[in-house]
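The values are calculated or read from the model by the stated rules, or taken from the named source; none is laboratory data. Predicted model only: the values in this text are computed from it and were never measured. Glycine also receives a Cβ, built like all others from the backbone with ideal geometry; neighbour counts cover every protein chain displayed. Just the protein is used for accessible areas: all its heavy atoms, side chains included, with ligands, DNA and RNA removed. Shrake-Rupley method; radii C 1.70, N 1.55, O 1.52, S 1.80 Å.
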2 protein chains.
Amino acid sequence: MNIAVLLFDDFETLDVYGPVEVFGRLVDLYAIKFYSLNGGQIKNQHGVSVLTEKLEDINDNLQIFIIPGGIGTRKEVENKLLIDKIKEIATFSKFVLTVCTGSALLARTGLLDNKIATSNKRAFEWVITNGTNVIWNKKARWTIDDKYYTSSGVSAGIDMALGFLSDRYGIEFARRVAFEIEYNWTEDKDNDTFKVK
Amino acid sequence: MNIAVLLFDDFETLDVYGPVEVFGRLVDLYAIKFYSLNGGQIKNQHGVSVLTEKLEDINDNLQIFIIPGGIGTRKEVENKLLIDKIKEIATFSKFVLTVCTGSALLARTGLLDNKIATSNKRAFEWVITNGTNVIWNKKARWTIDDKYYTSSGVSAGIDMALGFLSDRYGIEFARRVAFEIEYNWTEDKDNDTFKVK
């Protein structure tokens, strides 16, 4: 399965590289590439810099589209060119996975309307303003509705990626990957330790 | 504090970007840069590519030197030029942090001789051959001896980085960072869930 990861300036580091670790190590199953609206070097506030291809170069046989969050989403939700492009790619992609405030970007496309989704628990009040018709779940570690997977904040992207593997190849397969990366996986998607009390 | 992260081909993604997330988000405290022996683009098997500076450009006022693991270490332990450079930098760096099989690289320098260290629990038998005078700890999530922090596999680098913060700024500070990245932190460094039974 081919995976396209969306990047934009000031994305959150682990939102991206958590799922990239999980999928990337399965070299026989997944091939990952990084994209941004205009291609070129994308940077974040953590000192991380990534060379990207253009979103328009994504082929419509895409299997998985990953949308991370980060402080950059506050600006990008107003970037109509980006939101339109996300909508186009998310529509033809077989699966769409958002991490953290990445669900705010996807919500802006309207594709999450009447669907269940979650987001970073500490940015929740802002995130929900980006999709008033989304059925926001404040307790989930991650959610699944139709082809859309959305996770809670940062590290939760790892739990969701493992959950995605579990849904495709069974829970023992996912547990083995969690074991290999020595990650204490929250297997229950409906119960986030970090939910707002 | 300035942080230099060592990269080499086929480094493990999360070994690097776990600690980078933890330190990177503290923008007022840490500045991170990426280095390799010869500089330039470094790639791994997960599709990740990073532009690096040369190790020789690291200034001797370095505060933190991070050495990740990954399948690439199997080759790099035989790279005398790299091991010599690691020894030089680790010697002047105020702290040295290894993740996963990164401790095999550091062990090759001799700097871990008669010091306590750990590594990836599934690569342990190979790792210990790289430092027969190291006091290897098979149960720790991470270890601290003098200025050397070494962590167990992959995700354990996040726990160690949080532990490093705890040692500098107190446990409540570290807990807040873990909370912000929604990470279920293993606070007890001496008890790795993934230890060999």
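Within segment A:129-143, is even one residue outside any strand (DSSP E or B), farther than 21 Å from residue A:77 by Cα, open to solvent by 10 Å² or more (accessible area, probe 1.4 Å) and of a type in the set (Lys, Arg)?
Yes, the conditions are met somewhere in segment A:129-143.
On the basis of being at the interface with chain A (Cβ under 8 Å from one of its Cβ atoms), over 19 Å from the mean Cα position of the chain (by Cα), open to solvent by 10 Å² or more (accessible area, probe 1.4 Å) and without any contact (Cβ under 8 Å) to a residue 60 or more places away in the chain, does residue B:40 make the cut? No.
Counting only residues that are assigned to a loop (DSSP other than H, G, I, E, B) and under 17 Å from residue A:157 (Cβ atoms), which one in segment B:176-197 is most open to solvent (accessible area, probe 1.4 Å)? Checked segment B:176-197; the qualifying residue most open to solvent (accessible area, probe 1.4 Å) is B:184. Within the option set B:149, B:169, B:183, being among the hydroxyl-bearing types (Ser, Thr, Tyr) and within 14 Å of chain A (Cβ to nearest Cβ) holds for one residue only, B:183.
Across segment A:80-92, not a single residue is classified as more than 14 Å from every other protein chain (Cβ to nearest Cβ) and in a loop (DSSP other than H, G, I, E, B).
The requirement of being touching a residue at least 60 places away in the same chain (Cβ under 8 Å), of a type in the set (A, V, I, L, M, F, W, C) and over 30 Å from residue B:178 (Cα atoms) is fulfilled somewhere in segment B:74-90, by at least one residue.
The set of residues in segment B:84-124 being over 18 Å from residue B:10 (Cβ atoms) and at pLDDT below 95 consists of B:121, B:124. Do we find that residue B:130 is away from every other protein chain (no Cβ under 14 Å), in contact with a helix residue (DSSP H, G or I) (Cβ under 8 Å, 6 or more places away or on another chain), touching a residue at least 40 places away in the same chain (Cβ under 8 Å) and not aromatic (Phe, Trp, Tyr) in this structure? Criteria met by residue B:130. The one condition from (1) away from chain B (no Cβ under 14 Å); (2) assigned to a loop (DSSP other than H, G, I, E, B) that residue A:70 does not meet is (1).
The set of residues in segment B:13-37 being within 18 Å of the chain's Cα centre (by Cα), within 8 Å of another protein chain (Cβ to nearest Cβ) and either surrounded by fewer than 19 Cβ atoms within 10 Å (Cβ to Cβ) or over 15 Å from residue A:46 (Cα atoms) (or both) consists of B:13, B:31, B:33. You will find that of B:102, B:110, the residue that is more than 29 Å from residue A:151 (Cα to Cα) and exposed (fewer than 14 other Cβ atoms within 10 Å of the Cβ) is B:110 and no other.
Evaluating residue A:151 against the criteria (1) small (Gly, Ala, Ser); (2) without any contact (Cβ under 8 Å) to a residue 60 or more places away in the chain; (3) farther than 24 Å from residue A:89 by Cβ leaves one unmet condition, (3).
The set of residues from segment B:43-63 being open to solvent by less than 30 Å² (accessible area, probe 1.4 Å) and within 11 Å of another protein chain (Cβ to nearest Cβ) comprises B:44, B:46, B:48, B:50, B:52. Determine if segment B:55-65 includes at least one residue that is modelled with pLDDT of 95 or more and within 22 Å of residue A:20 (Cβ to Cβ). No: zero hits. Hey, does segment B:151-172 have a residue that's surrounded by 19 or more Cβ atoms within 10 Å (Cβ to Cβ) and assigned to a strand (DSSP E or B)? Yes, that holds for at least one residue.
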